[in-house]
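Following: one structure in structure tokens, then a few remarks.
The values are calculated or read from the model by the stated rules, or taken from the named source; none is laboratory data. Note that the coordinates shown come from a computational prediction; the quantities given were computed from them, not determined experimentally. Note: ideal-geometry Cβ built from the backbone for every residue, glycine included; neighbour counts use all protein chains shown.
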Amino acid sequence: MQPTPEQAGVLAGGGPRSWVRRVFPSVRHGNLADRAYAITLGAFGAAIPILFFFILLRVGTAAWPALQRFGGGFIVGSDWNPVAGNYGALPFIFGTLASSLLALLIAVPLAVGLAIFLTELSPRWIAAPVAFGTELLAAIPSVVYGLWGIFVLVPWLRANVQQPLASAFGDSFPLFAGPAYGTSIMAGGAILAIMIVPFISAVSREVLAAVPRDQREAALALGATRWEMTWQVVLPYAVPGIIGATILGLGRALGETMAITMVIGNRPDIPTSLFAPGYTMASVLANEFSEASDELHLAALMEIGLILFGITILVNSVARLLVWRVARRAGK
Amino acid sequence: MNTQTVTAPSWRDRRRRTTSTVMLAMTGVAALLTVLPLVLILWHLLRAGITAMNGDFFTEIPAPVGEPGGGVGNGILGTAILVGLGAVFGLPVAIGAGLFLAEAEGSRAANAVRFITDVMNGIPSIVIGIFVWAWVVVSMGHFSALAGGVALAIMLIPMVTRTTEEMVRLVPRELRDGGLALGFTRWRTTLGIVLPAARSGILTGVLVALARIAGETAPLLFTALGNPFWGWKLDEPIAALPVQIFQYAISPYEEWHRLAWAASLLLIALVLGVSLTARLFIRSPYKGR
């Protein structure tokens with residue numbers, strides 16, 4: 001059976017860069033099975049972008065009533081009261097950003113330190129198990145982190161970090177003001193930090209390993225100590241990639257749901273103290289979505305989902321582009 | 001050079017060397033601090049979880065509040081069903097798309113699909129939950145295992161797609177060329193020669209991805225919902241281990257906390273067991289070439 005000219009044209013895609021023609025030369029000449037194969041694979045490949053835009057469309061449509069009703073006020077409004085019909089998402093946006101930034105503050109130095117330790121310093125018999133351990137950390141389900149957070153991390157933080165700090169500096173620093181609740185922005189940031197360290201350190205390690213040997217040897221030959229070599233030569237070379245890794249970690253932290261819902265306290269206020277409870281966008285979805293009865297509440301929650309989606313798309317795209325650029329430069 | 005003087009290291013040299021030692025030691029401390037939580041989590045899970053693990057734990061449904069005993073048998077069954085559904089819905093698409101990415105490597109279409117796949121991998125799981133709610137649950141009119149399976153499949157697809165692509169690309173060109181030179185068609189070369197050669201690598205990726213979706217909670221909250229009783233019908237709400245852990249952990253009952261710890265231990269054993277197996281026993285023969 002010969003394809004009609006239109007079919008052949010669609011398959012070949014016209015341009016010389018068309019993947020169908022380049023990858024499956026037989027598409028143009030004969031073999032029906034190969035043509036079917038090319039179409040099938042193309043359909044599977046297309047399924048992913050289609051699914052992606054369908055998710056965007058579907059969540060967007062569901063959020064439409066809230067978008068229409070509140071407009072930009074949704075993002076800056078700080079009163080969230082489903083009973084009164086007031087929906088302002090600022091406390092959640094604030095909580096998500098605050099906990100994620102706190103997590104980065106803790107996680108980035110640790111992750112970069114770990115990456116340096118693994119690539120520059122440790123012998124293989126230490127590096128392999130440590131690297132495997134961090135991989136396992138990345139595999140632990142979020143809800144298990146949450147369980148551990150509630151029963152171990154939060155009580156420990158309250159007794160050993162929050163209460164001493166609050167009684168010592170609480171009056172002079174508003175960030176450390178009491179009372180020490182335990183479940184707080186700080187606990188959220190801490191659990192997120194533990195969860196994203198493996199991601200940041202894994203990518204940082206790859207980037208550090210991609211720094212050419214000549215650079216290190218040249219630095220050592222000029223009389224640099226090992227630390228000077230690392231700090232002044234290796235790290236500057238790897239900085240764009242480490243920034244990419246950090247942004248990837250940020251993307252994880254922003255969208256993290258279960259663990260942080262269990263330890264952040266879930267109070268829709270904008271806290272001024274690290275020791276006070278907050279709320280995140282993902283948490284309010286987890287807690288209120290199944291109880292939302294009226295249409296506006298549901299639409300408002302959908303809009304929060306849409307904002308969260310948008311932020312993570314943006315953050316992940318930037319991170320991917322950065323990491324790719326560095327990888328391409330290292331490959332040349 | 002005739003004259004060479006050996007001087008004692010100046011204070012500046014000494015300072016530089018001390019700085020080096022101290023800072024490098026700090027990276028060691030950072031390494032310790034990152035591994036510490038893993039040790040602590042495993043320790044607490046073992047200590048609190050092992051006592052609740054008995055025969056009933058695996059075969060019974062949760063006891064009513066106030067009564068001792070009970071188990072998470074329904075959650076274990078539910079998670080198995082949900083992961084199975086996720087695999088059935090997700091794996092064909094993921095492996096097909098992975099093959100597409102590997103075959104069409106370098107083309108603009110493949111780059112675009114790869115980029116979107118990576119971005120999709122970063123979509124928060126809770127967003128996938130509300131999407132599947134708006135799509136499947138609303139159109140069916142009720143929560144169901146089916147909806148939960150769809151949500152898990154969407155989590156699975158980007159992970160397996162990228163592993164499949166990478167594993168297929170590791171297969172040496174000569175194998176593919178050999179097949180074509182023998183007169184095989186494209187599709188037979190790929191499905192009969194390249195795919196089997198990449199099989200163990202893909203299998204590893206699939207196992208790791210399945211273990212990961214088995215631990216997902218957020219996408220199931222508004223899709224599979226959870227169910228305190230035995231449930232195996234696909235169009236009804238179904239229990240899931242991670243959802244049970246969440247509900248028990250935030251409940252005020254001591255007995256339920258115990259079940260949550262034990263269920264977490266079980267989940268971790270599953271996830272870590274699969275990761276270890278995948279890492280130790282299944283290796284792509286072409287890795288590292």
**Study point:** Residue ranges of helices (runs of 4 or more DSSP H) in region B:155-243 with at least 2 members within 12 Å of chain A (Cβ to nearest Cβ), under 21 Å from the mean Cα position of the chain (by Cα) and at pLDDT 90 or above
**Key:** B:199-214
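Among the residues of region B:92-112, which ones are in contact (Cβ under 8 Å) with a residue 24 or more places away in the chain and surrounded by fewer than 20 Cβ atoms within 10 Å (Cβ to Cβ)? Break it down stepwise before answering.
Taking region B:92-112 and keeping what is in contact (Cβ under 8 Å) with a residue 24 or more places away in the chain, we get B:93-95, B:97-99, B:101-103, B:105.
Passing the criteria: only B:E105.
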Study note, to complete from the structure: Inside region A:167-210, the number of residues satisfying the requirement of being over 24 Å from A:G133 (Cβ atoms) and more than 12 Å from chain B (Cβ to nearest Cβ) is 19
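Out of all the residues in region B:90-101, is one or more in a helix (DSSP H, G or I), farther than 22 Å from B:R199 by Cβ and within 14 Å of chain A (Cβ to nearest Cβ)? So that I can check it myself, show each step before the final result.
The first filter runs over region B:90-101 and keeps only residues in a helix (DSSP H, G or I), leaving B:90-101.
From what's left, farther than 22 Å from B:R199 by Cβ: none.
The answer is no; no qualifying residue exists.
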Check your understanding: A:G113 passes all but one of (1) in contact with a helix residue (DSSP H, G or I) (Cβ under 6 Å, 6 or more places away or on another chain); (2) in contact (Cβ under 8 Å) with a residue 60 or more places away in the chain; (3) in a helix (DSSP H, G or I); which number fails?
Key -> (2)
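Which of the residues spanning region B:173-215 are free of Cβ contacts under 8 Å to residues at least 40 places away in the same chain, basic (K, R) and closer than 24 Å to B:A87 by Cα? Write out each step before concluding.
At the first step, the residues of region B:173-215 found to be free of Cβ contacts under 8 Å to residues at least 40 places away in the same chain are B:173-189, B:191-194, B:196, B:199.
Right, trim to basic (K, R) and you get B:173, B:176, B:186, B:188, B:199.
B:R199 - this is the single residue of region B:173-215 that is free of Cβ contacts under 8 Å to residues at least 40 places away in the same chain, basic (K, R) and closer than 24 Å to B:A87 by Cα.
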Point to revise | Sole residue being in contact with a Lys or Arg (Cβ under 9 Å, 6 or more places away or on another chain) and buried (at least 16 other Cβ atoms within 10 Å of the Cβ), chosen from B:E165, B:E216 | key: B:E165
**Study point:** Qualifying residue in region B:245-254 (condition: part of a helix (DSSP H, G or I), surrounded by fewer than 19 Cβ atoms within 10 Å (Cβ to Cβ) and among the charged types (D, E, K, R))
**Key:** yes
Exercise for review: Filter region B:206-246 for residues that are under 26 Å from A:L137 (Cα atoms) and hydroxyl-bearing (S, T, Y) and give the result.
Suggested key: B:T217
**Study point:** Inter-residue pairs, beta-carbon under 6 Å, first free of Cβ contacts under 8 Å to residues at least 12 places away in the same chain and facing chain A (nearest Cβ under 7 Å) and in region B:18-36, second surrounded by 15 or more Cβ atoms within 10 Å (Cβ to Cβ) and not in a helix (DSSP H, G or I), 6+ apart
**Key:** B:S20/A:T225
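Could you tell me which residue of region A:34-50 is farthest from the chain's Cα centre (by Cα), considering only residues that are among the aliphatic types (A, V, I, L, M) and more than 7 Å from chain B (Cβ to nearest Cβ)?
Taking region A:34-50 as the starting set, the residues that turn out to be among the aliphatic types (A, V, I, L, M) are A:36, A:38-39, A:41, A:43, A:46-48, A:50.
Applying the additional criterion that residues be more than 7 Å from chain B (Cβ to nearest Cβ) yields A:36, A:38-39, A:43, A:46, A:50.
Details: A:A36: 38, A:A38: 34, A:I39: 34, A:A43: 29, A:A46: 25, A:I50: 22 Å.
Selected residue: A:A36.
If we keep just the residues of region B:39-72 that are more than 14 Å from chain A (Cβ to nearest Cβ), surrounded by 15 or more Cβ atoms within 10 Å (Cβ to Cβ) and assigned to a helix (DSSP H, G or I), which is nearest to the chain's Cα centre (by Cα)? Break it down into steps so the answer makes sense when it comes.
The initial filter retains those residues of region B:39-72 that are more than 14 Å from chain A (Cβ to nearest Cβ), namely B:50-51, B:53-71.
Checking the rest, the ones that are also surrounded by 15 or more Cβ atoms within 10 Å (Cβ to Cβ) come to B:53, B:56-57, B:60-63, B:70-71.
From the residues that got through so far, the ones that are assigned to a helix (DSSP H, G or I) too are B:56-57.
On the way: B:D56: 28, B:F57: 24 Å.
Looking at the filtered set, the residue picked out is B:F57.
Identify, please: which residue in region A:166-187 is part of a helix (DSSP H, G or I) and touching a residue at least 60 places away in the same chain (Cβ under 8 Å) and is, among those, surrounded by the fewest Cβ atoms within 10 Å (Cβ to Cβ)? Steps first, answer last, please.
First, the residues of region A:166-187 that are part of a helix (DSSP H, G or I): A:166-169, A:174-176, A:185-187.
Now restrict to residues that are touching a residue at least 60 places away in the same chain (Cβ under 8 Å): A:166, A:174-176, A:185-187.
Details: A:A166: 20, A:P174: 11, A:L175: 14, A:F176: 21, A:I185: 28, A:M186: 31, A:A187: 31.
Selected residue: A:P174.
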Check your understanding: Restricting to region A:153-206, what's the tally of residues that are touching a Pro at 6+ places or on another chain (Cβ under 8 Å) and under 25 Å from A:L254 (Cβ atoms)?
Key -> 6
Exercise for review: Determine whether region B:21-37 contains at least one residue that is in a helix (DSSP H, G or I) and over 30 Å from A:W156 (Cα atoms).
Suggested key: yes
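Suppose we keep only residues that are touching a residue at least 60 places away in the same chain (Cβ under 8 Å) and either within 9 Å of chain B (Cβ to nearest Cβ) or of a type in the set (S, T, Y) (or both) within region A:122-140. Which one would you say is surrounded by the fewest Cβ atoms within 10 Å (Cβ to Cβ)?
Pass one, region A:122-140, residues touching a residue at least 60 places away in the same chain (Cβ under 8 Å): A:131, A:134-135, A:137-138.
With the extra rule that they be either within 9 Å of chain B (Cβ to nearest Cβ) or of a type in the set (S, T, Y) (or both), the set shrinks to A:134-135, A:137.
Working: A:T134: 24, A:E135: 15, A:L137: 21.
Result: A:E135.
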Check your understanding: So which residues in region B:113-149 are of a type in the set (A, V, I, L, M, F, W, C) and either more than 21 Å from A:G60 (Cβ to Cβ) or more than 7 Å from chain A (Cβ to nearest Cβ) (or both), if there are any at all?
Key -> B:V113, B:I128, B:V132, B:W133, B:V136, B:V137, B:V138, B:M140, B:F143, B:A145, B:L146, B:A147
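Filter region A:183-208 down to residues that are small (G, A, S) and over 13 Å from the mean Cα position of the chain (by Cα) and give me whichever is farthest from A:W156 (Cα to Cα). If you could, list the steps in order and put the result at the bottom.
Initial filter on region A:183-208 (small (G, A, S)): A:184, A:187-190, A:193, A:201-202, A:204.
In the following step, the residues that additionally are over 13 Å from the mean Cα position of the chain (by Cα) were identified as A:184, A:187-190, A:201-202, A:204.
Details: A:S184: 13, A:A187: 10, A:G188: 14, A:G189: 15, A:A190: 12, A:S201: 26, A:A202: 28, A:S204: 30 Å.
The qualifying residue farthest from A:W156 (Cα to Cα) is A:S204.
Quick check on my filter: what residues within region B:195-213 are farther than 30 Å from B:A134 by Cβ and surrounded by 21 or more Cβ atoms within 10 Å (Cβ to Cβ)? Walk me through it before giving the result.
The first filter runs over region B:195-213 and keeps only residues farther than 30 Å from B:A134 by Cβ, leaving B:195-204, B:207.
B:A198, B:G201, B:I202, B:T204, listed by residue number.
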Review point. Closer than 25 Å to B:T18 by Cα, more than 10 Å from chain B (Cβ to nearest Cβ) and among the aromatic types (F, W, Y) - does that describe any residue in region A:235-244?
Key: yes
Review point. Is region A:26-48 home to any residue that is part of a helix (DSSP H, G or I), closer than 19 Å to B:I130 by Cα and modelled with pLDDT of 85 or more?
Key: yes
Point to revise | From A:L147, A:L157, residue being free of Cβ contacts under 8 Å to residues at least 40 places away in the same chain, crowded, with 22+ Cβ neighbours inside 10 Å and aliphatic (A, V, I, L, M) | key: A:L157
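For region B:7-17: of the residues being part of a helix (DSSP H, G or I) and more than 7 Å from chain A (Cβ to nearest Cβ), which is surrounded by the most Cβ atoms within 10 Å (Cβ to Cβ)? Write out each step before concluding.
To start, the set of residues in region B:7-17 that are part of a helix (DSSP H, G or I) comprises B:11-17.
Retained after the next criterion (residues that are more than 7 Å from chain A (Cβ to nearest Cβ)): B:11-15.
Values: B:W11: 8, B:R12: 8, B:D13: 13, B:R14: 11, B:R15: 11.
Selected residue: B:D13.
Find the residue count for region B:52-65, including only residues that are of a type in the set (G, A, S) and in contact (Cβ under 8 Å) with a residue 40 or more places away in the chain. Before the answer, list the steps.
Of all residues in region B:52-65, those of a type in the set (G, A, S) come to B:52, B:55, B:63.
Those left that are additionally in contact (Cβ under 8 Å) with a residue 40 or more places away in the chain: B:52, B:63.
Going through region B:52-65 one residue at a time, the tally reaches 2.
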